[in-house]
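Working notes, structure below.
A short reminder: the numbers here are calculations on the coordinates, not readings from a lab. Just so we're clear, the structure is a prediction, and the values are computed from it rather than from any experiment. Note: ideal-geometry Cβ built from the backbone for every residue, glycine included; neighbour counts use all protein chains shown.
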Amino acid sequence: MLAVENVSIQFGARVLFSELSFTVRARERMSLAGPNGAGKSTLLKIIAGIESPDTGRVAKPKQVTVGYLPQEGVYHSGTTLFKEAETAFEDVLKLQAELREVEAQMDAIEDTGSDEYADALEVFGDLQLRLEHHDLARMKPRIETILNGLGFSQADMQKQTDTFSGGWQMRIALAKLLLREPSVLLLDEPTNHLDIETVQWLENWLNQYGGAIILISHDRAFLDNLTNRTLAFERGDVHEYSGNYSFFLRERDARKEQQVRAYKNQQREIEKAEKLINRFRAKASKARMVQSRIKQLEKVERIELEQEQTTIGFKFPQPLRSGQTVITLENIVKRYGDNLVLNGVDFEIEREERIAIVGVNGAGKSTFSRILSGVEAPTSGTRELGQKVIVSHFSQNHAEELDPKKTVLETVEAVATKQSSTNLRTLLGSFLFRGDDAFKKVSVLSGGERSRLALTRMLLQPANFLILDEPTNHLDMQSQEVLQHALSEYTGTYVIVSHNRSFLDPIVTKVLEFIPGQKPRVFHGNLSYYLDKIQEERGGTTTDSVDAALSRANVPGGGGGKSASSGAGASGSSRKEQRRQEARLRQEKARVLKPLQEKLEAVEARIAELEETKAELTKKLSDPVFFKEEAAAAKLASQNYHQAEQDLETVYSQWSTLTDEIEKAEAKFGDD
């Protein structure tokens, strides 16, 4: 499908990679792994045709299309969200507009036997046939499905695109890319601006995607669940691994162990040879043997061990012990004009709690974290800090508060304690400020670099209550591990807003879920526990009637009812009682599913009827004789054709909704 052939690129004296070659097969799921600055994004841009390599080329057949999503910098304006998403089908829409234009020309020609009419008719037939290859009726449902999956509401569809923030702008770009369905999809950090629910939706969508995917991400769970091949960028070399990110780590470690063993064995052999040479060097009778051994030793290809990356042993400054109650919120209400974000929230945090805040974007997570930190006051309600509580808050906005005149090193020196000041350069290196980067002025840093610097600065300040809002967005895997390890050993209390599942899972013990229009819910467990509970709750359900049915039938997960196993096995119910329960379940299942299936059958019959009508009209409209001999009928047929297209679009939307409802209801009843 696509081949990278002997591609090399360097910036100044620094070689990112040299003579890199690999092929991308159909339905490939490949990740590019390695530290920031290793050349991963550069390679994506070369494949996308945005940048040119110093040597080599990217070869692909003409019919193979490539779609690219950058990390940031995408902006849309001048139209509505839905219209912008429609531009993914601009080629099809252009054909449709041309067809209508030709139709208008034909209507204006009075003499249907003229050469002018015949020419227009020929163009019309060609356009009609080309449009037949595209299913326009499914276009609107596809747009709505993808936009909804990426977190946009129905109310957003007619909003102007320039009213959306940067993160939502990236979602628009991703939606258009998914709608275009290129042969090869290049995604550079696609989850950076997504919440956990949307990340899971995207993960499922990409798993079903028909094309190939090359992906850069610092979300380990996302990589593990999606990819089956890894290109690892390591100190100018690129190694290929036939597995996901976790497989790559295991194989890399195994390869290093094997290399160390081979190195030690070779060193022993070299040492023996050198001892032999030194022992007999002075003896004339052994001169020939010594020279032979020297030549053999010179020919040995020395094994060089890869230089290990320094493991950063960062620890938070030892915080002062706070009181048992860290913070208490009572009846918190927060409004922005008419927009009610938080309504009557009560919450208490105790010492040494590790809390993750999750939920869809716009549900109030960041607002809540700002109220927790005291950066923002609630509209009403009370916020009370416990005894000896020292708050430290990280948000993306803090990056804008850095002094642009200071260097990176000066910025962290200004807040470092005596305890932490000894390893500032090492700490900066762990957060990707290496070498001369420490002497860069803040004014020349990118947005991501400023965010990392603000995080580093915050970590150096002694505090016993940390509030971190999306701390991993601009960190590579190694930096995430440094932060994760430091948090695991931290003796204070922290709250983290994040969508990064693998980062959160080992270091949180409580999850606070925000749902728009509802009070937040608490789950006592880590992120895996929370996700399992949500899966049990939702189980694919769409309506309260399904939950109610399951509750009455004692189906696991239904409306809080007892599970079938606990209702039968635990109480020693007879087989007869079990059969009664199974019969009740079948009755409830039939009651819920039968109306949905009947509606689906009616919709499918209507689709078949409209498709048949459309096919008949297409046949007529493609016949020049029909146009010449029955001009009025032809005009009516054209109108009927467009009406059939519009009706099909509506009916396909109904079909999509019904099939989703049936699938979710069946999943709730335990059907595969």
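Using DSSP, restrict attention to beta bridges with both residues in the chain and report what percent are antiparallel, rounded to the nearest 5.
Roughly 50 percent of the DSSP beta bridges within the chain come out antiparallel.
Which aspartates and glutamates, if any, have their Cα less than 20 Å from the Cα of Lys62, not counting same-chain residues under 8 positions apart?
Leaving aside aspartates and glutamates fewer than 8 places away in the same chain, those within reach of Lys62 are Glu5, Glu28, Glu51, Glu90, Asp91, Glu181.
Under 27 Å Cα to Cα from Lys283, which lysines show up? Leave out anything in the same chain fewer than 8 places away.
Lys272, Lys275, Lys295, Lys299
Can you compute 3J(HN,Hα) from phi for each residue in the stretch 321-337, using the Karplus curve 6.51 cos²θ - 1.76 cosθ + 1.60 with θ = phi - 60°, rounded to whole Hz and x for Gly and Pro?
For the stretch 321-337, the Karplus-derived couplings read 6, 8, x, 4, 8, 7, 7, 10, 10, 10, 6, 6, 10, 9, 10, 10, x Hz, x marking Gly and Pro.
Fully extended, how many nm does the chain gain between Glu72 and Gln318 (0.36 nm per residue separation, minus their Cα-Cα distance)?
84.9 nm
Under 18 Å from the Cα of Lys510, which lysines turn up, not counting those fewer than eight places away in the same chain?
Here the lysines satisfying the reach criterion relative to Lys510 are Lys365, Lys519, Lys533.
By how many nm would the segment from Gln646 to Glu298 grow when fully extended, if each residue of separation counts as 0.36 nm and the alpha-carbon distance is taken off?
Length difference between fully extended and current span is 117.3 nm.
Which value at 222 nm does the chain reach when only helices count, each DSSP H run of 4 or more adding -39,500 (n - 2.57), with the total divided by all residues and rounded to the nearest 500 deg cm²/dmol?
-15000 deg cm²/dmol
Between Gln63 and Gln587, take the C-beta separation as r, use R0 = 60 Å, and let me know the FRET efficiency to the nearest 0.05.
Calculated value: 0.65.
Rounded to the nearest 0.05, what FRET efficiency is calculated for Arg100 and Lys599 with R0 set to 41 Å and r the Cβ-Cβ distance?
Approximately 0.75, to the nearest 0.05.
Return the sequence-ordered ³J(HN,Hα) values of the stretch 647-652 in whole Hz as given by the Karplus equation 6.51 cos²θ - 1.76 cosθ + 1.60 applied to θ = phi - 60°, using x for Gly and Pro.
Result, rounded to whole Hz: 5, 4, 4, 5, 5, 5.
With θ set to phi - 60°, apply the Karplus curve 6.51 cos²θ - 1.76 cosθ + 1.60 along the stretch 427-435 and write out the HN-Hα couplings as whole Hz, x wherever there is a Gly or Pro.
5, 4, x, 5, 10, 6, 9, 10, x
Give the relative contact order (percent, whole number) for the chain; include only Cα pairs under 8 Å separated by 6+ residues.
Relative contact order for the chain comes out at 13 percent.
Express in nm, to one decimal, how much length is gained between Glu384 and Gln267 on full extension, taking 0.36 nm for each residue of separation and deducting their alpha carbon distance.
Roughly 35.6 nm would be gained on extension.
Mind ranking 238-249, 477-488 by how tightly packed they are, going by the mean number of other C-beta atoms within 10 angstrom, highest first?
With the highest mean Cβ count within 10 Å placed first, the list reads 477-488, 238-249.
I'd like to compare 293-303, 362-372: which one has the highest average count of other Cβ atoms within 10 Å, and what's the full order after that?
So the peptides 293-303, 362-372, ranked by packing, come out 362-372, 293-303.
Just need the relative contact order of the stretch 80-162 here, percent rounded to a whole number, with Cα pairs under 8 Å and 6+ apart.
Once normalised by length, the contact order is 52 percent.
Could you compute the FRET efficiency for Arg335 and Thr80, with r as their C-beta to C-beta distance and R0 at 30 Å, rounded to 0.05?
E(calc), rounded to 0.05, equals 0.65.
Which residues in the stretch 236-259 have a backbone N closer than 16 Å to a point placed 7 Å from the Cα of Leu305 along the Cα-to-Cβ line?
Residues 253-259 qualify, since their backbone N sits under 16 Å from the label point.
Please list log₁₀ I(q)/I(0) at q = 0.06, 0.07, 0.10, 0.12 Å⁻¹ for the chain, using the Debye equation with identical point scatterers on the alpha-carbon positions.
The Cα Debye sum returns log10 ratios of -0.50, -0.66, -1.14, -1.41.
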